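Chemist: Sharing a structure below in structure tokens format, with a few things to ask.
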Amino acid sequence: MKNEMLHNLIPLNHTKVAEGDTLLTLFFQNDKKEIPSNSQSQTEIQDLIKNGVFSGTAKTTSFIRASYIDQLNILVAGLGVKSDSTPEIARQTGAFVYNKITAEKVNELGIDVDALVKSAGKELASVTLGAFLEGFYLASYSFDKYKSVQKPAGKLKLVSLVSNDKKNDGWIKNLIEKTLITADCTFLTRDFSNEPSNIGTPTYYANTIAKIAKQYGIKCKIMGDAECKKEKMNLFLCVGEGSAQESKVVILEYTPKAAAKSAKTISLVGKGVTFDSGGISIKPSMKMEDMKHDMTGAATMLGATLMAARLGSKNKIVTLLGFAENMPGQNAVQPGNIITTRSGKTVEIINTDAEGRLVLADVLHLAQDYNPEVIVDSATLTGACTVALGKLASALFSNDSKLADQILDASEQTEEHLWELPLWDEYYEDIKSNYADMMNSANDGAGGTIRGAIFLKQFIKEGQKWAHVDLANRAYDQGYLPYNPRKGSSGVYVRTFAEFVMNYR
Ligand code: BES
Ligand code: ZN
Ligand code: ZN
């Protein structure tokens, strides 16, 4: 849910934070007591240090409530040793500070920008503050619209970046804008992913996206069953045959204002399985409720598209999202069925639970009609992804090493880890079919994540640069990072894909 105070992040440029407010100083380990711009902060932080309560260790906070009416509450947060500092430390510190001020019921928070600049210099200060704010706002997310009694709203009404130096105005404004767009787009991805599938149907997502696209001047086309049939997208359609819900493909086209000749077209593609019961190859009931998140690839690409568009990407973006519900039913596709795909290649369905690749194969094929320079897809494709990589990094595949590097560069910038796995054609042997060109899964579970990727590769034409990210292991329940919700969607890789689009040359 959108947080109310989100829109109140404004630079106030006042010399003094109003009485009763809280002033935050971000403090590197071994910073001097003169660093805080405010004399009360200087004294109180000095006392904390003297008493061994606070030393600037990374991710620690201390709060001192004002004892007099005309004093400020003092909050100090540690960023660790300056030479070891990373944006991720600041990002996590931002999340801890958010939790702290919520617990302390702070009304208004001022952040001492001048102190940070004095300590770190403008460059490091702006990177640190940007990451700090990102973590702070990302941590403010909650999904509680279905609670009959809402949690009492936090008291925080205003967050101000406080500086007495006019020279800071420009970069502070940019930072604020980027932070609010990042949070807004990540929250949209999280909201979509968390939506239960009785509300979050393909039609719901398609219609909601159409409204949002209109708001930002992005072209939106929706294809239903009839249009998909006309496009011979039988593999995509077979996933939704057992469901009462109509499948939808949503196509978004963002064109930058005054597009330069050098503008490239990037296609983003996402798996949008609104509920994955497994179909006829039905899943065990344990944790089946998590399969409402099986449209997170689509939600991620939507968030990234909006983020890049709102940040003024110079590149064109064509985003194709394939929404379908995978259910057992009278008309459901069955193991042994053979389907002719949009590409003309044939697929023998071995396991109806390997449905994400069926959605993506036809949608990836359609994406190539737009002549994109590169295509990047993301999907909660395989449980094997968690076996291979645990929770820290999702799997990246690409048929082009430069493209892989560009995506890895973006992920280094955002500090959302990705790890490349091989896409050697020899793996294709594993999924060749006796009766059709290929099977949608093999009979043993070896290399499941790679097999998913190698299946998708069969639908990429010669010379088309393409990358695939299997984010099944990181889509939800990523609370080990303090800026993620403990339960539910993480919104991971929205920032990375947006960064990739922004930087692509
Ligand atoms: N949606 C699942 C993958 C998944 C599993 C996502 C756990 C998030 C958490 C996907 O459609 C699936 O069921 N894949 C099968 C493939 C297998 C049948 C080849 C899997 O991973 O078991
Ligand atoms: Zn499945
Ligand atoms: Zn699935």
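Chemist: How high is the relative contact order of the chain, in percent, with contacts defined as C-alpha pairs under 8 Å that are six or more residues apart? Write down the numbers at each step before the final one.
Modeler: Values: 1140 pairs, mean separation 74.6, N = 505.
The value is 15 percent.
Chemist: Determine the calculated [θ] at 222 nm for the chain from helices alone, applying -39500 (n - 2.57) to every DSSP H run no shorter than 4 residues and normalising by the residue count; nearest 500 deg cm²/dmol. Before the final figure, lay out each step's value.
Modeler: Details: 13 runs with 174 residues, N = 505.
Rounded to the nearest 500, it is -11000 deg cm²/dmol.
Chemist: Still on this model: Measure nothing fancy, just the Cα-based angle from helix 448-457's long axis to the longest principal axis of the chain, in degrees from 0 to 90, nearest 10.
Modeler: 70 degrees
Chemist: Of Y254, Y370, Y480, how do they rank once you tally other Cβ atoms within 10 Å and put the fewest first?
Modeler: Numbers: Y254 24, Y370 14, Y480 9.
Going from sparsest to densest Cβ surroundings: Y480, Y370, Y254.
Chemist: A follow-up question, please. Among G135, Q71, P372, whose Cα projects farthest towards the positive end of the dipole of the chain, with charges put on the beta-carbon of Lys, Arg (+1) and Asp, Glu (-1)?
Modeler: Q71
Chemist: Take the residue pairs K257/K316; K32/K100; K59/K82; K147/K248; K229/K457 and return only those whose Cα atoms are more than 19 Å apart.
Modeler: Checking Cα-Cα distances, K32/K100; K147/K248; K229/K457 exceed 19 Å.
Chemist: Measuring from label point to label point, each 7 Å out along Cα→Cβ, what is the E426 to K211 span in nm?
Modeler: My value for the distance between the label points is 5.3 nm.
Chemist: Show me the three semi-axes of the equivalent ellipsoid for region 385-460, from the C-alpha gyration tensor (sqrt of 5 times each eigenvalue), largest first, rounded to whole Å. Mind dumping the intermediate values first?
Modeler: Working: eigenvalues 139, 44, 11 Å².
Each semi-axis is the square root of five times an eigenvalue, giving 26, 15, 8 Å.
Chemist: Which angle between 0 and 90 degrees, to the nearest 10, do you get for helix 113-138 versus the longest principal axis of the chain when only C-alpha atoms count?
Modeler: So the inclination is approximately 40 degrees.
Chemist: Roughly what percent of Cα-Cα pairs across region 215-503 reach past 27 Å?
Modeler: Numbers: 14231 of 41616 pairs.
It works out to 34 percent of all Cα pairs.
Chemist: If you don't mind, there's one more thing I want to ask. Out of region 14-83, which chymotrypsin sites (Phe, Trp or Tyr not before Pro) are coil in DSSP terms and have no more than 15 other C-beta atoms within 10 Å? Could you put the intermediate results ahead of the total?
Modeler: Details: sites: F27, F28, F54, F63, Y68; in loops: F28, F54, Y68.
The qualifying sites are Y68.
Chemist: Could you give me the ³J(HN,Hα) list for region 162-167, computed from phi with Karplus coefficients 6.51, -1.76, 1.60 and θ = phi - 60°, whole Hz, x at Gly and Pro?
Modeler: Computed from phi, the couplings for region 162-167 are 9, 8, 9, 10, 4, 4 Hz.
Chemist: If you take the Cα Rg of region 86-201 and divide it by 2.2 N^0.38 Å, with N the number of residues, what do you get? Walk me through the numbers on the way to the answer.
Modeler: Details: Rg = 16.2 Å, N = 116, 2.2 N^0.38 = 13.4 Å.
The reported ratio for this selection is 1.21.
Chemist: Does region 407-505 come out rounded, prolate or oblate, given a ≥ b ≥ c as the square roots of the eigenvalues of its C-alpha gyration tensor, rounded meaning a/c under 1.5 and, failing that, prolate meaning a/b above b/c? Before the final figure, lay out each step's value.
Modeler: Numbers: a/c = 2.99, a/b = 1.58, b/c = 1.90.
Judged from the Cα gyration tensor, region 407-505 comes out oblate (a/c at least 1.5, b/c at or above a/b).
Chemist: With no solvent and one point per C-alpha, what does the Debye sum give as log10 I(q)/I(0) for the chain at q = 0.11 Å⁻¹?
Modeler: Calculated log10 I(q)/I(0) at the listed q: -0.90.
Chemist: Related question: Cross-link candidates for K432: which aspartates and glutamates have Cα within less than 15 Å, leaving aside residues fewer than 8 places away along the same chain?
Modeler: E348, D444
Chemist: So, with +1 on the Cβ of K and R and -1 on the Cβ of D and E, and no other charges, what is the size of the charge dipole of region 169-269 about its Cα centre, to the nearest 20 debye?
Modeler: On the way: 14 positive and 11 negative charges, 100 e Å.
In debye, rounded to 20, region 169-269 gives about 480.
Chemist: To test your reading of the geometry: what angle, between 0 and 90 degrees and rounded to tens, separates the Cα axis of helix 169-194 from the longest principal axis of the chain?
Modeler: Its long axis makes an angle of about 40 degrees.
Chemist: I'd like to know how region 20-126 sits against the 2.2 N^0.38 Å rule of thumb: what's its Cα Rg over that expected value? Could the numbers behind the result be given before it?
Modeler: Working: Rg = 12.7 Å, N = 107, 2.2 N^0.38 = 13.0 Å.
Taking N as the residue count of region 20-126, the ratio is 0.98.
Chemist: Pick out, in residue order, every one of the trypsin sites (Lys or Arg not before Pro) in region 265-331 that is DSSP loop and has at most 14 other C-beta atoms within 10 Å; say none if there are none.
Modeler: Within region 265-331, the qualifying trypsin sites (Lys or Arg not before Pro) (loop, at most 14 other Cβ atoms within 10 Å) are K287.
Chemist: Could you size up the charge dipole of the chain around its Cα centre, putting +1 on the beta carbon of Lys and Arg and -1 on that of Asp and Glu, and report it in debye to the nearest 20?
Modeler: 1160 debye
Chemist: How about region 405-505: which GluC sites (Glu not before Pro) there lie in a loop by DSSP and see at most 10 other Cβ atoms within 10 Å? Display every interim value, and only then the final one.
Modeler: Values: sites: E412, E415, E416, E420, E426, E429, E462, E499; in loops: E415, E416, E462.
Sites meeting the loop and neighbour criteria: E462.
Chemist: Sticking with this one: Can you tell me which aspartates and glutamates have their Cα less than 17 Å from the Cα of K219? Leave out same-chain residues fewer than eight positions away.
Modeler: List returned: E253, D369.
Chemist: Now for a different question. Strictly over 24 Å apart at the Cα level, which of K292/K487; K211/K402; K261/K402 would you flag in this model? Walk me through the numbers before you get to the answer.
Modeler: Numbers: K292/K487 13 Å; K211/K402 36 Å; K261/K402 22 Å.
Result: K211/K402 exceed 24 Å.
Chemist: Let me ask something else. Picking from P485, Y435, L381, whose Cα lies most toward the positive end of the charge dipole for region 356-505 (charges on Cβ: Lys, Arg +1; Asp, Glu -1)?
Modeler: Highest projection toward the positive end goes to P485.
Read-outs throughout are calculated quantities, based only on the coordinates presented, and are distinct from any laboratory measurement. In this text the structure is predicted, and so the values were computed from the model without any measurement. No Cβ is skipped: glycine too gets one built from the backbone with ideal geometry, and neighbour counts run over all protein chains shown.
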